[in-house]
Amino acid sequence: MRPSDRVRPIAPHSWIKRVLADVQGGTAILFAVAAPAIALLACGAIDLASVSNDRSAMQDAADATALAMAKQLSVSTAAGISSRATDYANAQLGPISTNDGVTTTASRPRPRR
């Protein structure tokens, strides 16, 4: 048996240095590690945009309902205004109220004396 045929033990630190110095295929590994994180961030951004859009639509519906019901304060009772306000808000919200389970309630502050 020749000395070159013998298996030489590899020191762990030299093997690690050799692996870290090897740059072939490094881009594929980097992409494989980074792709799930990037996809998760993209999904979060889309979800956040949807939530922001729904919040804006609900605020618009609340503002429109308040303005429409303010016009009826002098011509209707509190119960009538409350009922109309709830119906008006549900009509303004449309699919948001059914898809997201939004409930609307109307209240009227007591008049000052």
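Worth pointing out:
- Only DSSP H runs of four or more residues enter the estimate; each adds -39500 (n - 2.57), and after division by the residues of the chain the mean residue ellipticity at 222 nm equals -23000 deg cm²/dmol.
- Gained length - His13 relative to Ala57, 0.36 nm times residue gap less alpha-carbon distance: 9.8 nm
- Cα centre as origin, Lys/Arg/Asp/Glu Cβ charges: the chain dipole, Debye: 480
- Of the residues Leu41, Thr104, Asn90, the one whose Cα sits farthest towards the positive end of the charge dipole of the chain is Leu41 (charges of +1 on Lys and Arg Cβ, -1 on Asp and Glu Cβ, taken about the Cα centre).
- Sorted largest first, the principal axis extents computed over the alpha-carbon atoms of the stretch 30-99 equal 69, 18, 13 Å.
- Of the DSSP H helices in the chain, those that are both long (alpha-carbon extent of 27 Å or more along the helix axis) and hydrophobic (Kyte-Doolittle mean at least -0.5) are 26-70.
Each reported figure results from applying straightforward, stated rules to the coordinates on display, with no laboratory input. Because the structure is predicted, anything quoted here is derived from the model rather than measured. Backbone-built Cβ (ideal geometry, glycine too); neighbour counts: all protein chains shown.
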